[in-house]
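FYI, it's all coordinate maths here, none of it is from the lab. Note that the structure is predicted; figures quoted are calculated from it, not measured. Ideal geometry is used to build each Cβ from the backbone, glycine not excepted, and the neighbour counts take in all protein chains shown.
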Amino acid sequence: ATPTAVMVATGIGATHGVLIKGGDALERAQKIQCVVFDKTGTLTKGKPSVTSAKVLSDMQRGEFLRIVASAEASSEHPLARAVVDYAYHFHFFGEPPKDMDMQGLRTKNTAWLLTASKFEALPGKGVRCSIEGTEILVGNRKLMSEDGVFIPSVAEEYLKDMEQHARTGILVAFDKELVGMLAISDPLKREAAVVIEGLKKMGILPIMVTGDNWTTARAVAQELGIEDVKAEVIPAGKAEVIRSLQKDGTMVAMVGDGINDSPALAAADVGMAIGAGTDIAIEAADYVLMRNNLEDVITAIDLSKKTFARIR
Ligand code: ADP
Ligand code: MG
């Protein structure tokens, strides 16, 4: 296309909140054969909330939640924030009503939390810290199995049940003993299913990639009509997924929002970052979707096709 055509297309993109970093990216977008979506914060709203908590020991529920929140308070992970919000509500107002939106409920008041020391964020797994001399682990099965924590069948049944309902199950251990679980739900973006259907109609293959577990991932993918899923992908593994898809010459786009997604956004032929995502993801991407609406993935591809069709 002429520089003018590229400029015009860039301008049209901008009016839709689709920011395009250069003519090369614009040109590649028309050839996309498959779009890899991150799950959390990309296909889902990225506003997770705790939907249930189960304590296995005779510990008080409030005490359990307070300890878990104290462990998660230093984590930046969206799941950690959901846990703290829920525990905050429980601590000050009691059990939150079902389906209550607890986003942003938590204040800067952290006086109710216990002091955690030796805090460690374990990417793709959870967190570890020490509270009043007890080692606290909060995270997924992988974290527990690596630390030699036995998962009793009652816990496994709870997890499976939650995961089949598209929720993410979180396990909690005190001094290597499993003491409870939480389930977290992150609703799908309203337009997600329509966009997946639209891509398929264009002959483009949608794929979902996530660090979350297989059962939850499959449940989410099924709701969206996505048949290709890669789950339990370690943070560094998303770029690897992209590269393996590219091996046979397939033109791959990646849509993501998180720090974890930035290597994959950079590796993809076209990287598209959600505007509400982290700065690192936005930097690594060729496109930024400012409206945080997945329909703009299709807008971006259409724009590229129209721009380059004209001059043929
Ligand atoms: P995603 O690709 O969905 O953004 P991540 O790689 O960030 O996922 O995390 C993968 C999994 O690791 C989560 O689904 C969760 O089970 C676990 N995890 C990561 N961080 C935390 C945390 N702070 N608290 C509890 N679980 C966590
Ligand atoms: Mg994400």
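How high is the relative contact order of the chain, in percent, with contacts defined as C-alpha pairs under 8 Å that are six or more residues apart? Provide the component values of the computation, followed by the final result.
Values: 611 pairs, mean separation 77.2, N = 312.
For the chain, the relative contact order is 25 percent.
Suppose R0 equals 30 Å. What FRET efficiency, 1/(1 + (r/R0)^6) with r the Cβ-Cβ distance, do GLU177 and ASP101 give to the nearest 0.05?
The pair GLU177/ASP101 has a calculated efficiency of 0.35.
Quick check: net charge around VAL6, other residues with Cβ under 10 Å of its Cβ, Lys/Arg +1 and Asp/Glu -1?
Working: positive: none; negative: ASP24, GLU27.
Computed value for this residue: -2.
How high is the FRET efficiency from GLU135 to ALA266, r the C-beta distance, R0 30 Å, rounded to 0.05? Don't skip to the end; give the middle numbers.
Details: r = 37 Å, r/R0 = 1.22.
That gives a FRET efficiency of 0.25.
Fully extended, how many nm does the chain gain between MET202 and ASP147 (0.36 nm per residue separation, minus their Cα-Cα distance)? Present the calculation step by step, with values, prior to reporting the outcome.
Numbers: separation 55, 0.36 × 55 = 19.80 nm, distance 4.61 nm.
Computed gain between MET202 and ASP147 is 15.2 nm.
To the nearest 0.05, how large is the calculated FRET efficiency for HIS165 and ASP24 if R₀ is 35 Å and r is the Cβ-Cβ distance?
Once rounded, the FRET efficiency stands at 0.20.
Would you mind checking LYS142/LYS238; LYS108/LYS142; LYS98/LYS201 for any pair whose Cα atoms are more than 28 angstrom apart? It would help to have the intermediate numbers written out before the result.
On the way: LYS142/LYS238 18 Å; LYS108/LYS142 32 Å; LYS98/LYS201 37 Å.
Where the Cα-Cα span goes over 28 Å, the pairs concerned are LYS108/LYS142; LYS98/LYS201.
Hey, what angle do you get for helix 153-164 against the long axis of the chain, alpha-carbon based, 0 to 90 degrees rounded to 10?
Compared with the principal axis, the helix lies near 30 degrees.
Which residue, LYS21, LYS201, LYS176, has the most motion in a Gaussian network model of the chain that connects Cα atoms within less than 10 Å?
Fluctuation is largest for LYS201.
Return the distance in nm (one decimal) between the two label points of a simple spin-label model at GLU63 and VAL154, each offset 7 Å from Cα along Cα→Cβ.
1.7
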